[in-house]
Amino acid sequence: MLSEGFELLMKYGIKIPKYWVNEIPLHSNFPLVIKADLNHKTDLGAVKLNIQNYSELKKYYEEFRKKFNTNIIIQEQVIGEFNEVIIGIKYDRIFGDICLIGIGGIYTELLKDFIILSLPFDIDILERRLRDLKLYPMLNGFRNRPKININLLYENIMKLYELYKKERLLEIEVNPLLINERESYAVDIRFAKL
């Protein structure tokens, strides 16, 4: 399902790191990430970052193949300073299509720092409402953290919304979207079809 999600993201112009499914790439740039195609990968020990060479990659690939009964994804690891953002879209019976935006990554459930907006919305609303996040200063350059590009975040949200509508999905979530002032990458996705 993860590889299908990556294909959908690429189809709608959302950047993702280069990846391989159920194979060890012969020509790739290190470091790499390996992950099993499961939800809550970190909790299950189903993701390994910073793989530096082929012997390490082969070791983890064989370990994951034995341990997890699912597809194994290898991705080029995104290098640089980024913030992690979660974007989720689904239908709500009262408000219609809604979008959750917040602090993403492995601490999403712990921090519970997010906003919810009715779709569609304009960039001014996004910019104003992001300030409601407790950790908004982190997204705005606090202590030399990289600032996020609001236009780029908005563009990713609108592309994800287009994907959600055109592919007739029940829900979709990108977590994390790695983003700074210059670029962004969706490194994980989950979705459910109608």
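The values are calculated or read from the model by the stated rules, or taken from the named source; none is laboratory data. What you are looking at is a predicted structure, and each value in this text was computed from that prediction instead of being measured. Cβ atoms come from the backbone with ideal geometry, glycine included; neighbour counts cover every protein chain shown. SASA here: full protein model, heavy atoms, side chains in, ligands and nucleic acids out. Shrake-Rupley method; radii C 1.70, N 1.55, O 1.52, S 1.80 Å.
Name the single residue that is farthest from Lys90 (Cα to Cα) among those in the range 159-182 being open to solvent by 50 Å² or more (accessible area, probe 1.4 Å) and of a type outside the set (Lys, Arg). The extreme case among them is Glu181.
Among the residues of this structure, Ile116 does not count as one that is among the β-branched types (Val, Ile, Thr), more than 16 Å from Ile16 (Cβ to Cβ), open to solvent by 10 Å² or more (accessible area, probe 1.4 Å) and touching an Asp or Glu at 6+ places or on another chain (Cβ under 7 Å).
Number of residues in the range 64-81 that are open to solvent by less than 80 Å² (accessible area, probe 1.4 Å) and on the phi < 0 side of the Ramachandran plot equals 11.
Among the residues of the range 120-140, just one is touching a residue at least 40 places away in the same chain (Cβ under 8 Å) and surrounded by fewer than 17 Cβ atoms within 10 Å (Cβ to Cβ), namely Pro120.
Yes/no per residue for (1) under 20 Å from Gln77 (Cα atoms); (2) out of contact with any helix residue (DSSP H, G or I) (no Cβ under 7 Å at 6 or more places or on another chain); (3) of a type in the set (Asp, Glu); (4) at pLDDT below 95:
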{"residue": "Leu130", "(1), (2), (3), (4)": "no, no, no, no"}
{"residue": "Arg143", "(1), (2), (3), (4)": "no, yes, no, yes"}
{"residue": "Ile148", "(1), (2), (3), (4)": "yes, no, no, no"}
{"residue": "Met158", "(1), (2), (3), (4)": "no, yes, no, no"}
{"residue": "Leu163", "(1), (2), (3), (4)": "no, no, no, no"}
{"residue": "Asn175", "(1), (2), (3), (4)": "yes, no, no, no"}
{"residue": "Ile179", "(1), (2), (3), (4)": "yes, no, no, no"}
{"residue": "Arg182", "(1), (2), (3), (4)": "yes, yes, no, no"}
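Only one of the listed residues (Glu56, Glu84) is open to solvent by less than 90 Å² (accessible area, probe 1.4 Å) and touching a Leu at 6+ places or on another chain (Cβ under 8 Å). That residue is Glu84.
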